[in-house]
Amino acid sequence: MPAVAVAPRPPGTDTGCMTDTVPASATEPLRKDIRLLGGILGNVIREQAGPEIFDLVESARVESFRIRRSEIDRTELAERFAGVATDDLLPVARAFSHFGLLANLAEDLHRERRRALHVRAGDPPQDSTLAATYAKLDAAGPSLDADTVTDALASALVAPVITAHPTETRRRTVFDVQTAVTELMRRRERTDDPVALEEIDRALYRHILTLWDTALIRLARLRISDEIDNGLRYYDLALFDVVPALNAEVRRELRRRWPDAAVLTEPLVRPGTWIGGDRDGNPNVDGEVVTTAANRACETALRHHLIELAALERELSMSERTATISSALKKLADDSGDDNPAHSDEPYRRAVHGIRARLTATADRLLPGVDMPHTVRIPCEPYPTPARLHTDLNIVDASLRAGGAAVIADDRLAQLRSAVEVFGFHLAPLDLRQNSEVHENVVAELLSWAGVTDRYRDLPEDDKVALLTAELRIRRPLTAPDAHLSDETAKELGILRAAAEVVRRIGPAAIEHYIISMCTSVSDLLEVEVLLKEVGLLDLDRGYPRSTVQVIPLFETIDDLRGGAATLTAALAVPEFRSLVDGHDGLQEVMLGYSDSNKDGGYLTANWALYRAELDLVEAARNAGIRLRLFHGRGGTVGRGGGPSYDAILAQPPGAVQGSLRLTEQGEVIAAKYREPVLARRNLEALVSATLESSLLDVEGLGKDAPEAYRILDELADLARAAYSRLVRETPGFVEYFTTATPVSEIGALNIGSRPASRKQTKAISDLRAIPWVLSWTQSRVMLPGWYGTGTAVQDWVAGDPDRLATLQDLYRRWPFFRSVLSNMAQVLAKSDLGLAARYSELVEDTELRERVFDSIVDEHARTVDAYRQITGYDSLVADNPALERSLHNRFPYLEPLNHLQVELLRRFRAGEDTDRVRRGIQITMNGLATALRNSG
């Protein structure tokens, strides 16, 4: 390997001019890290790809900085790529994609460094940390008594739910390299030994070389089994370390403050997953996939527990001749079946050995034929439930503490006890999801087969409800094993039967939720309950239905959000449905769709519709005497509900959190949040902090002015929706513009992700999945779903009236919701680049159409930026976000070449150059842009 030295002006070394609001002294360590990693990457490129490719990368980098300084026009860089062979463009795309990934690592390390500096300086804890939250709770004083806290946290839960996403296609090797580089950079900062530094730099070169030689993109289309494995890897990378410790800490701190409060009887943080159970628009999910997803999760949990038990057995070497042993521990040891003479006076080892044996038997029962590590096969009974395993671990814990060894009990054993409590044998609940239209088709066919009715679809809603509730009062099946059914019905029943088998074998915690997409009525809810009854997941208890699986309505469109509370109220008035809610301790979950609501009505309208829906749902739940849990279907990008999670949770309306929430984690932001323990701890801590503050403190801040604020947002939302509709629905040729000026067609054609880009074979925007809708606008740097319509709404509502503008300025200062909406919008606007978007618009051959649509986008962009500045008083879009300003400054010149490369490759692809190399190049640019923009998923 060549000696590591910084290449002359390699990718990442040009720092440019810092803006006035970001002091150079504060960012110098970050720039130093970027120079180092960029320099090593430059050396790797020159050594591996040759001087010609290195020169092409370097010239593109230099010209990108010159473009930012307005020294040259963008067309010069575009023309440079136009004449280059595709084979030479691919390594250039890889180079800038790799830089984005390395820049992410440097930024994460810099945030870690800055936080440590604040702590060492004795600064007050920063918002979104538990230390800051504990201080706020302490400051609340007597208003937070034990009864208040117990009630607020009665069903406490923070559940990040991992979902599959087409832009998250990185290989495991890439994750391994990221982890290794991160740890090496941490070590590098802690040493000034020249020999050690040289060795670290050689190791960095080795790992970055591995990264360069590893294909970023898989050759074959991602299979669901790949997506399942991708989701599971975050447990070994971080979640097994972080979640148990975080749960233990929060429980300890809350109980210390309120010893008389019955808080957190269940673990607070409990992750979930959709991968393998979400079949809405994904024809590849079937019963076998559901079984695979549940089995792989079970295997991951049991493997972790067995590994930790083996380590615990090695560590607990205490002899009964020297340590105090409880009678319960002695019995556990004597019953263990461990006949190893070396362990004869080591009761802890014998006890843990016996626990390993029972867990081995459990694994054999749950996953026959699966090889597991550190097994102990001696005759013994498997554990019937995780609770029984937890009981045995508690015996070990109690004996250690009674013997004065609490410090030992608080280490690995405490982590394992908490892990068993959280992850059990199932690891994480697998959510099932399907579209309401499919449920209606299946139920209609079953009712017809059973001779109940041939015209179910044609019945009025009240008649449907009456028919379905009658079915829920009797146990009779609607079909038989040998029935001849349509492929759709047979497949759906196969999935549900597989789910029922998973619940029977692994336990009810394995599948707890069934989500109904596009839920619009009570019958939509009851249809799923009937299907659950058909496979044995719903039964009768004294004549009323009970189920361990809760059916969850997902309200997605603007109109469905507005009618969501009425749907919930009507459902709760049905005794059979209310019985099911009562069976879940009076708690009903409702999911809110951020993506489709945004696609339906635009950014501001969707955000306000969600807020209004939450207010209405809270009131409906209160009137019905139930507890409400909201499940937020957020994507990575702001157009799909993204943005800082802490701010987003605090921006929820009063009563909407109530100690618990679930939210989806999607796309490349999963890796950004959970790929290693430090990041996972920070992001989970932010979720927990915001949940506690929203549940226990008054964070809305509007008081008696709330009704007037709501009225104003009603008006703004209507104006924004009208402006959005004029572009998306009323502009002739808009669909043609969108499909041509963005890579949306290629998202479907290039085997990205396991599901189709559209729910149906149609070109209608309404049928397009929200992910490609947002991803396409993000790749083309328009970012339209994150802002369009807001500028016109503000302009029309203010109408030149300074008092009205002052009203909006006051709302921005006082109201977390309004502040969060504008802050997230500014983030998107800062990442947009209409100069680059103009390059994509040139792909539209119809000049009149191109100018008509693009001019509308440009004009609205200007109006929206102006509205933001007037309301907030900021001159810069990133004035309130120094971290984002640093990020944009450091990475934007490296995004520029990726966009030009993507446009050039799209031209070639659409001109008929449909080769593997062109396809691969487009995929690389998509992945690189998604990685570098950080929240595009």
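Summary table below
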{"read-out": "Order of R115, R612, R388 - criterion: other Cβ atoms within 10 Å of each residue's Cβ, fewest first", "value": "R388, R115, R612"}
{"read-out": "Those GluC sites (Glu not before Pro) in the range 356-463 that DSSP places in a loop and that have at most 11 other beta carbons within 10 Å", "value": "none"}
{"read-out": "Residues with amide H under 5 Å from that of L538, placed H, sequence gap 5 or more", "value": "K533"}
{"read-out": "In the chain, lysine pairs closer than 17 Å at Cα, eight or more apart or cross-chain", "value": "4"}
{"read-out": "Relative packing of peptides 627-634, 893-900, 408-415 - highest average C-beta neighbours within 10 Å first", "value": "893-900, 627-634, 408-415"}
{"read-out": "Gyration tensor (alpha-carbon) shape descriptor, the range 201-297, a/c threshold 1.5", "value": "oblate"}
{"read-out": "Cα centroid of the range 213-252 to Cα centroid of the range 384-443, whole Å", "value": "18"}
{"read-out": "Shape category assigned to the range 505-556 from the gyration tensor of Cα positions, a/c cut at 1.5", "value": "oblate"}
{"read-out": "Percent RCO, i.e. relative contact order, over the chain, from Cα pairs under 8 Å lying at least 6 residues apart", "value": "16"}
{"read-out": "For R627, distant residues with modelled amide H under 5 Å away", "value": "L587, Q588"}
{"read-out": "Computed lengthening from D213 to V119, 0.36 nm per intervening residue step minus Cα-Cα distance", "value": "29.9 nm"}
{"read-out": "Stretchable slack from K32 to R255, in nm (0.36 nm times residue separation minus alpha-carbon distance)", "value": "75.9 nm"}
{"read-out": "Sparse-neighbourhood loop sites, GluC sites (Glu not before Pro) in the range 848-933 - DSSP loop, at most 14 other Cβ within 10 angstrom", "value": "E913"}
{"read-out": "Per-residue HN-Hα couplings for the range 71-86 [Karplus 6.51, -1.76, 1.60; θ = phi - 60°; Hz; x = Gly/Pro]", "value": "8, 9, 8, 4, 4, 5, 5, 4, 5, 4, 6, 4, x, 9, 4, 4"}
{"read-out": "Per-residue ³J(HN,Hα) for the range 34-44, Karplus 6.51 cos²θ - 1.76 cosθ + 1.60, θ = phi - 60°, Hz, x for Gly and Pro", "value": "5, 4, 4, 5, x, x, 5, 4, x, 4, 4"}
{"read-out": "Cα centroid of the range 771-791 to Cα centroid of the range 257-299, whole Å", "value": "31"}
{"read-out": "Protection proxy ranking, peptides 451-458, 578-585, average beta carbon neighbours within 10 Å, highest first", "value": "578-585, 451-458"}
{"read-out": "Whole-number percent relative contact order across the range 244-341, with pairs defined as alpha carbons under 8 Å at least 6 apart", "value": "13"}
{"read-out": "Top positive-direction residue, dipole computed over the chain with Cβ charges, set H484, A826, A49", "value": "A49"}
{"read-out": "Within the range 672-746, GluC sites (Glu not before Pro) in DSSP loop having at most 12 other beta-carbon neighbours inside 10 Å", "value": "E730"}
{"read-out": "DSSP beta bridge pairing in the chain, given as percent antiparallel to the nearest 5", "value": "15"}
{"read-out": "Label-to-label distance, nm, for residues given as A311 and D127 (7 Å Cα→Cβ offset)", "value": "3.7"}
{"read-out": "Length released on extending from R401 to V858, taking residue separation times 0.36 nm less the Cα-Cα span", "value": "157.8 nm"}
{"read-out": "Nonlocal amide H pairs with D278, under 5 Å, H built at 1.01 Å", "value": "R433"}
{"read-out": "Inter-label distance for N394 and D458, nm, one decimal - labels placed 7 Å from Cα along Cα-to-Cβ", "value": "6.0"}
{"read-out": "Residue-wise HN-Hα coupling along the range 435-450, computed from phi with Karplus coefficients 6.51, -1.76, 1.60 (Hz; x: Gly, Pro)", "value": "7, 4, 4, 5, 4, 4, 4, 5, 5, 4, 5, 5, 5, 5, 4, 7"}
{"read-out": "Gyration tensor (alpha-carbon) shape descriptor, the range 779-827, a/c threshold 1.5", "value": "oblate"}
{"read-out": "For the range 322-361: relative contact order, % (alpha-carbon pairs under 8 angstrom, 6 or more apart)", "value": "41"}
{"read-out": "Within the chain, helix-based [θ] at 222 nm, where runs of 4 or more DSSP H residues each add -39,500 (n - 2.57), nearest 500", "value": "-20000 deg cm²/dmol"}
{"read-out": "Ordering of 375-387, 861-873 by packing [mean C-beta count within 10 Å, highest first]", "value": "861-873, 375-387"}
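Taken together, the values in this text are just the output of simple stated rules run on the coordinates, not laboratory data. As the structure is a computational prediction, the values presented were derived from the model and not from experiment. We place every Cβ from the backbone using ideal geometry, glycine too, and count neighbours over all the protein chains shown.
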